[in-house]
Structure formats: C-alpha cells, structure tokens
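J.: First the structure, then my questions, so here it is.
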Amino acid sequence: MIAGPGGPAIGIDVGGTKLLGVLLDERGELVVERRSVTPHSTEVDEGRALAASVAELAFDIAAEAGMASVALPLGVG
C-alpha cells in the first residue's frame, strides 16, 4: 500500500493467524508496524470480533504515531 499525496495512511492485512497493520507517511515510508492475533470463534459473532480487532489495531497504530485524533485513510485486505 502506498500512501497518497494527501498524507499518511493505515493498511491492515488480515491473515489466518495474525493481523498486520502499518502506518505509512506521505512518501510511503513505514512509520509504525504492529501485529495482533486474528480472532477465531465458532460463534456467529466471529465477524464482529474480527471487525472490532481491525478497528482496535487501526486506532492503536494511529495513537502510537500521535495521530489518534486525525482521520486517516484505511485499507484492509
């Protein structure tokens, strides 16, 4: 993922065992990288747990970069 000319962006890769999130600056250079465990459940709420984990990871990345109050583009794959 390359951040656009408008500024930094967050990208999150959802894998079978881990979530990998990065914050890239306007030049596409890595600012923050964090990993967390992909939640798994046999319950109906597995999708909600995954969405909550992605949102939490994105917020944590922004907070670590001092950008928690900034609206950042987010790409999830």
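J.: Rg and Dmax of the chain, using alpha carbons, in Å: what are they?
T.: Spelled out, the Cα radius of gyration and Dmax of the chain are 12.8, 42 Å.
J.: While we're looking at this one, here's another question. With loop defined by DSSP as not H, G, I, E or B, and exposure as at most 16 other Cβ atoms within 10 Å, which is the longest segment of the chain clear of exposed GluC sites (Glu not before Pro)?
T.: No qualifying site falls inside 44-77, the longest such stretch.
J.: Another question about this same structure. Work out how much length D60 to R27 would gain on full extension: take 0.36 nm times their residue separation and subtract the Cα-Cα distance, in nm to one decimal.
T.: 9.7 nm
J.: Let me ask you something else. Taking θ as phi - 60°, what are the ³J(HN,Hα) couplings along the range 66-76 by the Karplus curve (6.51, -1.76, 1.60), each to the nearest whole Hz, with x for Gly and Pro?
T.: After applying 6.51 cos²θ - 1.76 cosθ + 1.60, I find x, 10, 4, 9, 9, 6, 10, x, 9, x, 10 Hz.
J.: Also, quick follow-up: Around E56, what is the net charge, scoring Lys/Arg as +1 and Asp/Glu as -1 over all other residues with Cβ under 13 Å from its Cβ? Numbers along the way, then the final one.
T.: Details: positive: R34, R35, R48; negative: D60, E64.
That sum, taken over residues with Cβ under 13 Å, equals +1.
J.: Work out from phi, with θ = phi - 60° and the Karplus expression 6.51 cos²θ - 1.76 cosθ + 1.60, the ³J(HN,Hα) of each residue of the range 15-28, listed in order in whole Hz, and give x for Gly and Pro.
T.: Running phi through 6.51 cos²θ - 1.76 cosθ + 1.60 with θ = phi - 60° gives x, x, 10, 9, 9, 10, x, 9, 10, 10, 7, 5, 8, x Hz.
J.: What are the ³J(HN,Hα) values, in whole Hz, obtained from phi via the Karplus relation 6.51 cos²θ - 1.76 cosθ + 1.60 with θ = phi - 60°, for each residue of the range 50-63 in sequence order, with x given for Gly and Pro?
T.: 5, 4, 5, 5, 5, 5, 5, 5, 4, 5, 4, 5, 4, 5
J.: Could I ask something else about it? Nearest 500 deg cm²/dmol is fine: what mean residue ellipticity at 222 nm does the chain get from its DSSP H runs of n ≥ 4 alone, each adding -39,500 (n - 2.57), divided by its residue count?
T.: -8500 deg cm²/dmol
J.: With a probe of 1.4 Å, find how much accessible area the chain has per residue, and write the answer as a whole number in Å². Before the final figure, lay out the partial values.
T.: Details: 4780 Å² over 77 residues.
Per-residue accessible area for the chain comes out at 62 Å².
J.: Also, quick follow-up: Report the trypsin sites (Lys or Arg not before Pro) located in the range 4-62 that are in a DSSP loop and have at most 16 other Cβ atoms inside 10 Å of their Cβ, or state none.
T.: R27
J.: Run the accessible area of the chain with a 1.4 Å probe and give the carbon-and-sulfur part as a rounded percent.
T.: Using a 1.4 Å probe with all protein chains present, the chain comes out at 57 percent carbon and sulfur.
The values are calculated or read from the model by the stated rules, or taken from the named source; none is laboratory data. Computed from a prediction, not measured in an experiment: that's the story for all the values here. FYI the Cβ positions are ideal-geometry reconstructions off the backbone, even for glycines, and counts take in every protein chain you see. Each accessible area value is taken on the protein alone, full model and side chains, heavy atoms only, with ligands, DNA and RNA left out. Shrake-Rupley method; radii C 1.70, N 1.55, O 1.52, S 1.80 Å.
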